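Have a look at the structure below before the remarks.
The values are calculated or read from the model by the stated rules, or taken from the named source; none is laboratory data. Keep in mind that what you see is a predicted model, and the values were worked out from it rather than measured. Here the Cβ is made from the backbone with ideal geometry for all residues, glycine too, and neighbour counts use every protein chain on show. Only protein heavy atoms, including side chains, enter the accessible area calculation; ligands, DNA and RNA are left aside. Shrake-Rupley method; radii C 1.70, N 1.55, O 1.52, S 1.80 Å.
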Amino acid sequence: MLILTCPHCGIAADETELAPGGEAHLKRAGPEASDVEFEAYMFARRNPLGVHFERWRHAMGCGKWFIAARATDTLEVFGTYPARTEAPPADLVRRIRRKRPEWEGLP
Amino acid sequence: MRRYSAWAILREGLRLHRGWPRVWENPETRAAYDVVIVGAGGHGLATAYYLGKNHGITDVAVLEKGWLGGGNTGRNTTIIRSNYLQDPSAAIYEKARSLYETMSRDLNMNVMFSPRGVMMLAQTEHEKRGYLRIAEANALQGVSTEFISPRRVRELVPMINIHGPRYPVLGALWQPRGGTARHDAVAWAYARACSGMGMHVIQQCEVTGIESRGGRVSAVNTSRGTIRCNRLALVVAGHSGRLAEMAGFRLPIESVALQALVSEPVKPMLDVVVMANTVHGYISQSDKGELVIGGGADGFNNYTQRGSFHHIEETVRALCETFPAIGRLRMMRQWGGIVDMTGDRSPILSKTPLAGCYVNCGWGTGGFKAIPGSGWAMAELVANDAPGPLAAPFSLSRFREGRFIDESVAAGVAH
């Protein structure tokens with residue numbers, strides 16, 4: 001059972017209380033984007049075996065969106081932060097690097 | 001490869017069964033092959049088999065990280081059906097279903113195909129309309145299905161609770177020629193046939209990198225050394241994304257866990273496959289008497305081959321409501337498999353940005369039923385460097401072109 005702490009209301013929520021929202025930090029393709037860029041934005045997904053950033057909504061709680069940094073090979077949770085963030089917070093990135101030296105970082 | 005027959009059993013019986021050869025060889029890798037297939041599950045082995053049988057290509061190695069058929073081929077609920085909404089899906093799944101009918105004879109090994117009938121319950125008005133539409137679509141596609149009344153459902157499955165308080169049974173989509181097969185036997189039979197044609201099926205050989213030269217695939221790096229190849233087929237289900245990364249491209253795929261469980265064995269009580277997609281549960285009874293139960297997939301990426309407990313809870317709760325008689329059965333085993341989900345819930349059989357490299361993936365939660373059809377179409381693609389009519393609609397470019405084969409609405413979760 002996955003338990004994530006909602007950064008907005010501070011509750012350690014069980015996954016039945018949360019709604020998954022897919023890969024985080026996608027850069028939206030703009031109006032001038034080519035078909036290839038738009039395809040990449042819509043469909044191509046990072047599907048890493050290891051560190052992954054993912055959007056979640058505290059659906060049965062405060063209802064707000066947040067981002068969770070997780071490991072897909074162990075279900076370990078590195079941390080969560082509000083979804084209105086362009087990139088993961090620096091201290092979280094440092095924490096992940098300490099635990100997972102092989103992690104290549106977000107592109 | 002010695003043929004299996006009644007005569008062979010009699011002869012070996014008289015010789016105390018000391019004359020049986022290995023079912024498949026366990027060869028050392030060669031330095032180079034014409035075709036290398038990554039993944040010795042059902043789809044990979046079927047691809048190899050039809051490369052040899054239909055196209056005469058036998059300089060083939062099938063590499064497997066773990067053991068043969070130990071991934072999703074050995075983890076599914078063995079359901080075979082072809083009642084899909086979209087034409088391309090119906091074509092490839094019906095091809096697969098028809099090949100299952102003759103598979104034991106073709107491969108000279110009993111895969112225990114049991115066309116016992118597959119019933120998909122309609123438990124809401126919306127679902128009923130959906131199934132009526134699929135029945136009409138199937139009639140046009142030449143797939144034999146019909147929409148049956150609750151009374152007929154009751155005749156076929158006497159233990160079903162038609163008047164469930166939350167989800168009454170309003171009818172069902174019935175495919176009498178669907179059924180189940182023994183999943184391990186399917187992998188073993190293909191492996192034996194491939195080995196018999198002189199192909200190499202190599203277990204415990206993990207691919208760690210893919211080499212290319214001038215935009216064309218040239219070799220794979222493995223835990224048993226580098227193997228050169230002219231053509232490379234990636235047929236690895238849940239790990240397709242990782243292999244694609246090694247080959248230098250991305251796939252529209254996310255890997256999630258899907259679970260199944262089996263009950264203690266009981267006397268025969270259910271002789272068809274019943275799927276209840278609104279409540280996310282499907283159930284059949286194995287020849288050993290166990291009830292084989294599957295449920296919904298997780299909603300988040302995961303490679304751990306464990307699923308979330310609440311999915312089991314939901315599945316079992318729904319099935320207990322639909323089949324009150326199973327309420328006191330104990331469950332014996334539970335397991336998970338990593339399934340590769342695409343955006344439109346349809347597979348990808350395609351050329352890739354790397355020349356000579358082909359992918360067969362994205363079967364998501366419903367790959368077992370497709371094994372022979374998928375192998376047939378994939379072999380055609382690899383042999384001709386161009387897809388045949390079965391594979392063509394499932395190209396990688398359909399996502400760019402907006403040519404989706406949308407089965408996510410048609411098939412619901414149980415796929």
Which of the three applies to the range B:119-197, rounded, prolate or oblate, going by the alpha-carbon gyration tensor with a ≥ b ≥ c and a/c under 1.5 meaning rounded?
prolate
Selected from B:Gly248, B:Thr304, B:Gln141, residue furthest toward positive end of dipole (the protein assembly as shown; charges at beta carbon)
B:Thr304
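Can you give the relative contact order of the range B:230-296 as a percent, counting alpha carbon pairs under 8 Å and 6+ residues apart?
Numbers: 82 pairs, mean separation 17.9, N = 67.
Over the range B:230-296, the number comes to 27 percent.
Counting Lys +1, Arg +1, Asp -1, Glu -1, what net charge surrounds A:Gly50 among other residues with beta carbon under 11 Å of its beta carbon?
Values: positive: A:Arg46, A:Arg70, A:Lys99, A:Arg100, B:Arg242; negative: A:Asp73, A:Glu76, A:Glu102, A:Glu104.
Charge balance near A:Gly50 sits at +1.
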I'd like the FRET efficiency for B:Glu211 and B:Trp335, computed as 1/(1 + (r/R0)^6) with the beta carbon distance as r and R0 of 56 Å, rounded to 0.05.
0.95
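State to the nearest 20 debye the size of the charge dipole of the range A:13-107 about its Cα centre, where the only charges are +1 on K and R beta carbons and -1 on D and E beta carbons. Intermediate results must be reported in sequence, preceding the final value.
Working: 15 positive and 15 negative charges, 87 e Å.
The calculated dipole for the range A:13-107 is roughly 420 debye.
With +1 assigned to the C-beta of every Lys and Arg and -1 to the C-beta of every Asp and Glu, and no other charges, what is the dipole magnitude of the range B:110-267 about the Cα centre in debye, to the nearest 20? Intermediate values should be presented prior to the final figure.
Details: 19 positive and 11 negative charges, 51 e Å.
So the dipole magnitude of the range B:110-267 works out to roughly 240 debye.
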Measuring from label point to label point, each 7 Å out along Cα→Cβ, what is the A:Asp35 to B:His310 span in nm?
4.1 nm
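Under a point-charge model restricted to the Cβ atoms of Lys and Arg (+1) and Asp and Glu (-1), what is the dipole moment magnitude of the protein assembly as shown relative to its Cα centre, in debye to the nearest 20? Please report the intermediate quantities before stating the final value.
On the way: 60 positive and 50 negative charges, 198 e Å.
Dipole magnitude for the protein assembly as shown comes out near 960 debye.
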Calculate the mean, over all residues of peptide B:336-343, of how many other protein chain Cβ atoms lie within 10 angstrom of the residue's Cβ.
1
With springs only between Cα atoms under 10 Å apart, run a GNM on chain B and tell me which of B:Tyr282, B:Tyr84, B:Tyr303 wobbles the most.
B:Tyr303
Taking a ≥ b ≥ c as the square roots of the Cα gyration tensor eigenvalues, with a/c under 1.5 meaning rounded and otherwise prolate when a/b beats b/c or oblate if not, the range B:163-265 comes out prolate
Furthest towards positive pole of dipole, B:Val316, B:Val207, B:Ala6, structure part chain B, Cβ charges
B:Ala6
For B:Lys267, list the lysines whose Cα falls under 22 Å from its own Cα; do not include residues on the same chain fewer than 8 positions away.
B:Lys288
Whole-Hz ³J(HN,Hα) from phi, Karplus 6.51 cos²θ - 1.76 cosθ + 1.60, for the range B:180-192, glycine and proline x:
9, 9, 7, 5, 4, 4, 5, 5, 5, 5, 5, 4, 5
Given Cβ charges of +1 for Lys and Arg and -1 for Asp and Glu, the option among B:Gly171, B:Gly295, B:Leu261 whose Cα lies farthest towards the positive end of the dipole of the protein assembly as shown is B:Leu261
For the protein assembly as shown, what does -39500 (n - 2.57) per DSSP helix run (n ≥ 4), summed and divided by total residues, give at 222 nm, in deg cm²/dmol to the nearest 500?
-8500 deg cm²/dmol
So if I take the centroid of the Cα atoms in the range A:1-48 and the same for the range B:32-49, what is the distance between those two points in Å?
34 Å
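How high is the relative contact order of chain B, in percent, with contacts defined as C-alpha pairs under 8 Å that are six or more residues apart? Mind showing how you got there, number by number?
Numbers: 958 pairs, mean separation 93.2, N = 415.
Relative contact order of chain B: 22 percent.
From other protein chains only, count the Cβ atoms within 10 Å of every residue's Cβ in A:71-77, then give the mean.
Details: counts 3, 10, 3, 3, 7, 0, 0.
The mean count of partner-chain Cβ atoms within 10 Å per residue comes to 4.
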Checking B:Met120, B:Met246, B:Met341 against a Gaussian network model of chain B (alpha-carbon springs below 10 Å), the top fluctuating residue turns out to be B:Met246
Each label sits 7 Å from Cα toward the beta-carbon; between B:His17 and B:Met159 the label points are separated, in nm, by 3.2 nm
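With every protein chain kept in the model, how would you rank B:Asp340, B:Asp184, B:Asp106 by accessible area, 1.4 Å probe, largest at the top?
On the way: B:Asp340 5, B:Asp184 35, B:Asp106 70 Å².
Final ranking, largest accessible area leading: B:Asp106, B:Asp184, B:Asp340.
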To the nearest 100 Å², how much accessible surface do chains B and A hide from each other in total, with a 1.4 Å probe?
2100 Å²
Between the range B:121-189 and the range B:227-246, what is the separation of their alpha carbon centroids in Å?
36 Å
Hey, in the GNM for chain B with a 10 angstrom Cα cutoff, which one of B:Arg15, B:Arg224, B:Arg81 fluctuates hardest?
B:Arg15
What does the C-alpha gyration tensor say about the overall shape of the range B:1-43? Classify as rounded when a/c is under 1.5, otherwise prolate if a/b is larger than b/c, or oblate.
prolate
